[in-house]
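So the structure is just underneath, and the comments pick up after that.
The values are calculated or read from the model by the stated rules, or taken from the named source; none is laboratory data. What you see is a predicted model; the values in this text were computed from it and never measured. Note that each Cβ is placed from the backbone with ideal geometry, even for glycine, and that neighbours are counted across all protein chains shown.
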Amino acid sequence: MWNFPTQKKEKEKYMFSKAEFILSAASPADYPELLTISGKPMAEIALVGRSNVGKSSLLNHLTQNKTLARVSSTPGKTQLINFFVIDDHFALVDLPGYGFAKVPKEMREQWGDLIQDYLQKRKKLSLILLLLDSRHLPTQEDIQFARWAIHYKKPLIIVFTKTDKLAPSAALSQCAKSFTLLSDAINAKPIAYFSYSIKNAKGRIALIKEIEKRIQ
Ligand code: GTP
Ligand code: MG
């Protein structure tokens, strides 16, 4: 049977052609119930990482929408869990950044509770993208988060951001080094890693293909 045209149509459906902001949640009581057109719970993809690592920029770049998520040069801007629906089919969730030095200790602990609660409660969380700045080695907080992801048995992918700020060969070796360091520290291997820059389209397409695999 020849069915290539149908397959092609299916593929084109999920290329981040539509993105819609749903709500910002301050606690689990605010989490939305997101259903697909056929009434099934939507698969969810979460973005997480240090403050200022580029989570909102990545979301805007993936969706090709410069104003969807607020981008800031002031770390700590996104304090809430922001839900977006993509192509009416799955959700992208922008989690609050961690590691902002000026945030008081109690707020950092609150952040830990909020994130762990989210990891535990969202049954349809199909993939976590942990963003790391390609110029720096993973911090203790990055490692802590990766440990939680493994503990809650959530598929984890590392995305190295801002690779345009390094020479291509330095970016390659730095990402490989950080990935090994993180894998060793958590005693597990995340599924894969990707390098990303909002200044070019290469990383975007590779990441979209990976996301497509996870939301079927
Ligand atoms: P919080 O919301 O505070 O947690 O930060 P965030 O992780 O959402 O970071 P955001 O997307 O706001 O980006 C922080 C800064 O990094 C902004 O000035 C962005 O323009 C810049 N940035 C993000 N991605 C890239 C990239 O790929 N290349 C370069 N050169 N700059 C980037
Ligand atoms: Mg942000």
Qualifying residue in region 101-120 (condition: aromatic (Phe, Trp, Tyr), more than 14 Å from the chain's Cα centre (by Cα) and away from ligand 1 (no atom under 15 Å from the Cβ)): no
Residue within region 164-181 that is within 16 Å of ligand 2 (Cβ to nearest atom) and in contact with a helix residue (DSSP H, G or I) (Cβ under 8 Å, 6 or more places away or on another chain) present: no
Enumerated strands (runs of 3 or more DSSP E) restricted to region 124-216, each holding at least 3 residues that are of a type in the set (Val, Ile, Thr): 156-161
Answer from Lys121, Lys154, Lys177, Lys213 - the residue that is among the basic types (Lys, Arg) and surrounded by 15 or more Cβ atoms within 10 Å (Cβ to Cβ): Lys154
Filter result (in contact (Cβ under 8 Å) with a residue 40 or more places away in the chain and more than 16 Å from ligand 1 (Cβ to nearest atom)) within region 31-54: Tyr31, Pro32, Leu34, Thr36, Ile37, Pro41, Met42, Ala43, Glu44
Check on Leu132, within 16 Å of the chain's Cα centre (by Cα), modelled with pLDDT under 90 and within 16 Å of ligand 2 (Cβ to nearest atom): no
Options Pro190, Pro168: the member that is within 16 Å of the chain's Cα centre (by Cα) and either touching a residue at least 12 places away in the same chain (Cβ under 8 Å) or more than 30 Å from Lys123 (Cβ to Cβ) (or both): Pro190
Residue that is surrounded by the fewest Cβ atoms within 10 Å (Cβ to Cβ), among those in region 47-59 that are touching a strand residue (DSSP E or B) at 6+ places or on another chain (Cβ under 7 Å) and more than 17 Å from Glu20 (Cβ to Cβ): Ser51
